[in-house]
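In what follows, a structure is listed as structure tokens, so that the remarks can point back to it.
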């Protein structure tokens, strides 16, 4: 079941938007920051419920999101609804007009926040939304990629992922917007960021990222801010995956970092155990009569 009684219990989740490491002040270094729309929990929850009730992802509007070399004709547990497809079918379901109106308003709110935080001047009408779905916990993560042509300049363009429910996960590579993306020279272990309902992550368009798995069915919103439609030169419907050689180097480096971290952790644990044993021996000797 998609929704749960815990969806509105904020105290059970760490609010990423209040974390000092994820603020807009760190955007130029990290390539992303996290915010939360205040006083909109009920509206966001209603939008989620309307999407579920309308059974959008059981309709012909559903498209498959696939990894490189996977067949687009098969389902791999990731789906999307393009906003222009939804608007063209507005009259076919009683909830479609409400969903469309709510997403348009949400897009404007997000652009307003981004303009204020980054001193941008994105037109409020320039938001390109998509509704995303991860089917269940068995859905595999996406390959790391970027959504725009890395050879082009993308001034005042942003990607936004909005959580409509708790435990919405995305994988990002901090600082990767400054890499030579398709032949990386720098490496950073990917981070898994978990968003609570109402939180959203704002990303530089060249940030390396990917969808992660989910604890259950998950529905969320994705926006291209600064763009108006898929015919725009900056959105060519191409996903730019890291090439196989760099992927191998990337994961090799990430694995090495993890092993090094584990070795340090094991070494510290061994020292601690030795200290505990030494302390116990000293106590035993102190108790023995002369």
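The table below gives the values:
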| quantity | calculated |
| --- | --- |
| Test for residue 207: is it part of a strand (DSSP E or B), modelled with pLDDT of 85 or more and under 13 Å from the mean Cα position of the chain (by Cα) | no |
| Which listed residue, of 144, 161, 124, 118, is within 16 Å of residue 31 (Cβ to Cβ) and surrounded by fewer than 19 Cβ atoms within 10 Å (Cβ to Cβ) | 118 |
| Search result, residues across the range 194-216 that are in contact with a helix residue (DSSP H, G or I) (Cβ under 9 Å, 6 or more places away or on another chain) and under 19 Å from residue 135 (Cα atoms) | 194, 195, 196, 197 |
| Whichever residue in the range 37-66 is without any contact (Cβ under 8 Å) to a residue 40 or more places away in the chain and part of a helix (DSSP H, G or I) and, among such residues, is nearest to the chain's Cα centre (by Cα) | 42 |
| Qualifying residue in the range 147-164 (condition: part of a loop (DSSP other than H, G, I, E, B), at pLDDT 95 or above and touching a strand residue (DSSP E or B) at 6+ places or on another chain (Cβ under 7 Å)) | yes |
| Qualifying residue in the range 176-192 (condition: within 30 Å of residue 51 (Cα to Cα) and assigned by TED's automatic domain parsing to the domain that holds residue 32) | yes |
| Residue 82 touching a strand residue (DSSP E or B) at 6+ places or on another chain (Cβ under 8 Å), in contact (Cβ under 8 Å) with a residue 12 or more places away in the chain, surrounded by 16 or more Cβ atoms within 10 Å (Cβ to Cβ) and within 25 Å of residue 33 (Cβ to Cβ) | no |
| Criterion violated by residue 128 - all others in (1) touching a strand residue (DSSP E or B) at 6+ places or on another chain (Cβ under 8 Å); (2) modelled with pLDDT of 95 or more satisfied | (2) |
| Any hit, the range 107-130, residues being under 12 Å from the mean Cα position of the chain (by Cα), touching a residue at least 24 places away in the same chain (Cβ under 8 Å) and within 25 Å of residue 44 (Cα to Cα) | no |
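The values are calculated or read from the model by the stated rules, or taken from the named source; none is laboratory data. Treat the numbers as computed from the prediction; the structure is a model and nothing was measured. Virtual Cβ from ideal backbone geometry, glycine too; neighbours counted across all protein chains shown.
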